[in-house]
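Report on one structure; see the data block that follows.
The values are calculated or read from the model by the stated rules, or taken from the named source; none is laboratory data. The shown structure was predicted, so the numbers you read here are calculated from the model rather than taken from an experiment. In this analysis, Cβ positions are derived from the backbone assuming ideal geometry, glycine residues included, and neighbour counts consider all displayed protein chains. Ligands, DNA and RNA are stripped out before the accessible areas are found, and what is left, the full protein with its side chains, is counted by its heavy atoms. Shrake-Rupley method; radii C 1.70, N 1.55, O 1.52, S 1.80 Å.
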Amino acid sequence: MRMMSAGTKGSGAERFDVERIRAQFPVLSVQVNGKPLVYLDNAASAQMPQRVIDRIVRYQSREHSNIHRAVHYLSELATAEYEAARRKVQSFINAPSDKECIFTSGTTDAINLVMHGYGRRFVQAGDEIIVSAIEHHANIVPWQMLCEERGAKLRVIPVSDAGELSFEAFQALLGPRVRLVALTHVSNALGTVVPIRDYIDAAHAHGIPVLIDGAQAAPHIPVDVQALGCDFYAFSGHKMCGPTGIGVLYGRAEWLEKMQPFKGGGDMILSVSFEKTTYNTIPFKFEAGTPPIMAAIALGEALDYLREIGLDTIARREHDLLAYATEGVSAIRGIRIIGTAERKAAVLSMVMEGIHPHDLGTLLNEDGVAVRTGHHCAQPVMTRFRVPATARASFAFYNTFEEVDALVASLERAKTVFGVA
Ligand code: PMP
């Protein structure tokens, strides 16, 4: 392993038994091109520990049935497990009530739910919605669609060269026409951790509700929606050691009660006649049709797993990995790190002079190193930083310092292969 400057590895690193943790993730022993997989694409999707896989197998082999609709043994069991998963979500984000935790198919679905349920109800011509310059497309496009439909305007908080949002510019945007602030907690393209508490307080001082896109935060830092005071908080299961197809929208009951359902169908109703339908209570009003039962239960298991390791421990470990990687990558001449905010989550976006990120990603893959290349569904960020794309390494607690060394070695090899000085 490289020599590190004092403190780079951090005090928590030595106490963290990473080999014990890694042994719980079957995929981490996969070989790629004859080399050990170095999985550094965690911001796109994290991997699943055996215990979550086992929970899926147990559900599918012994517990599966449709929920909420029958009195037989399996249906009651599956219903109890599904609702227990909801309570695990509630406790994970410290929501006041499980009724405020809606299962969705992911962050994108959750934001679209708010766009339809809140946006269509409360946003009129001439109104404004504030987003930031570092949003994922999932927190831009739905608001753009709404603005187009309603004749409303999208306002954008600018970002500095380091990747930090301007709080002063945000304050200047707040006003009587603003109906919603939709803001990311952590940028997936830059790693910036936004001090959202300040933004939420400032918006609330104007009576404006705030939606937080927590897709990149919930897996990596402790989230307490009551302490944050946000009105909505969205995240995805597949980024937190759970399966795809499941996500969560936390919403304050006072808003959820006023919102129109996004989708109509079974389970979201109390009674239906051809004259009139009465909607179910929250959260069921927003969960039309058969939900992803297995995925919700598996997410509950994943949340138990993350809590047992501890979100503070995870945050510390990933901080240490990021610091070590930043030091190693910064030492390579010709590489520019995009996103150098003071507070960052474990995302390292980079461009190498003279090599297109896709070519770089392909070469790293030859060494078994998995990074994401492209615009990361954040094209406005690419435009702002005047790059077509970046190569992004994103770390999870199960990554090692040796894997960071492998990344750095592979980047060095790329320079030689492509003949870049
Ligand atoms: N927001 C952010 C910040 C993200 O990183 C992602 C996933 N890349 C999303 C939203 C969308 O999440 P999903 O695809 O799970 O809906």
Query raised in the report: Which whole-Hz couplings ³J(HN,Hα) result when phi for each residue of the range 189-203 is put into the Karplus expression 6.51 cos²θ - 1.76 cosθ + 1.60, θ = phi - 60°, listed in order with x for Gly and Pro?
Result: 8, 10, x, 3, 8, 7, x, 5, 4, 4, 5, 5, 4, 5, 5
Requested in this report: Could you state the angle between the C-alpha long axis of helix 357-366 and the longest principal axis of the C-alpha atoms of the chain, as a value from 0 to 90 degrees rounded to the nearest 10?
Outcome: 70
Report summary line: Under a Gaussian network model of the chain whose springs join Cα atoms within less than 10 Å, the largest fluctuation of I134, I297, I21 belongs to I21
Report summary line: Among trypsin sites (Lys or Arg not before Pro) in the range 351-421, those in a DSSP loop whose Cβ has at most 15 other Cβ atoms within 10 Å are R386
Report summary line: Expressed per residue, the solvent accessible area of the chain in Å² (1.4 Å probe) is about 41
Query - Net +/- balance of residues flanking R155 in space, Cβ distance below 13 Å, scoring K and R +1, D and E -1 - result: 0
Report task. Step through the residues of the range 169-186 one at a time and calculate ³J(HN,Hα) from phi using the Karplus curve (6.51 cos²θ - 1.76 cosθ + 1.60, θ = phi - 60°), rounding each to whole Hz and writing x for Gly and Pro. Result -> 5, 4, 4, 5, 7, 5, x, x, 8, 6, 9, 7, 10, 10, 9, 7, 7, 9
Query raised in the report: Counting pairs of alpha carbon atoms under 8 Å apart in space and at least six apart in sequence, what relative contact order in percent does the chain give?
Result: 23
**Report entry** Surface share of carbon and sulfur [accessible, 1.4 angstrom probe, percent] for the chain
**Finding:** 53
Query - Degrees, to the nearest 10: 73-92 long Cα axis against longest axis of the chain - result: 60
Report summary line: Computed ³J(HN,Hα) along the range 229-236: with the Karplus parameters 6.51/-1.76/1.60, θ = phi - 60°, integer Hz and x for glycine or proline, the list is x, 5, 8, 9, 9, 10, 7, 10
Query raised in the report: Among A406, A189, A389, whose mean-square fluctuation peaks in a Gaussian network model of the chain (Cα, cutoff 10 Å)?
Result: A406
Query - Structure-based [θ]222 nm, the chain - -39500 (n - 2.57) summed over DSSP H runs of at least 4, per residue, nearest 500 - result: -10500 deg cm²/dmol
Query raised in the report: Measuring from centroid to centroid over Cα atoms, what is the spacing of the range 58-136 and the range 228-307 in Å?
Result: 2
**Report entry** Efficiency of FRET from Cβ geometry, T277 and I309, R₀ 51 Å, rounded to 0.05
**Finding:** 0.70
Report task. Quick one: net charge around V194, please, counting Lys, Arg +1 and Asp, Glu -1 for every other residue with C-beta under 15 Å from its C-beta. Result -> -4
Query raised in the report: Using the alpha-carbon atoms, what tilt in degrees (0 to 90, nearest 10) does helix 293-309 show relative to the longest principal axis of the chain?
Result: 50
Query raised in the report: Put +1 on the Cβ of every Lys and Arg and -1 on every Asp and Glu Cβ in the chain; which of L28, V193, V404 then has its Cα farthest towards the positive end of the dipole?
Result: V193
Query raised in the report: What FRET efficiency would be calculated for the residue pair D267, Q144, taking the C-beta separation as r and a Förster radius of 35 Å, to the nearest 0.05?
Result: 0.70
Report task. Once you've got the GNM for the chain with C-alpha springs shorter than 10 Å, pick whichever of K153, K239, K276 has the biggest mean-square fluctuation. Result -> K276
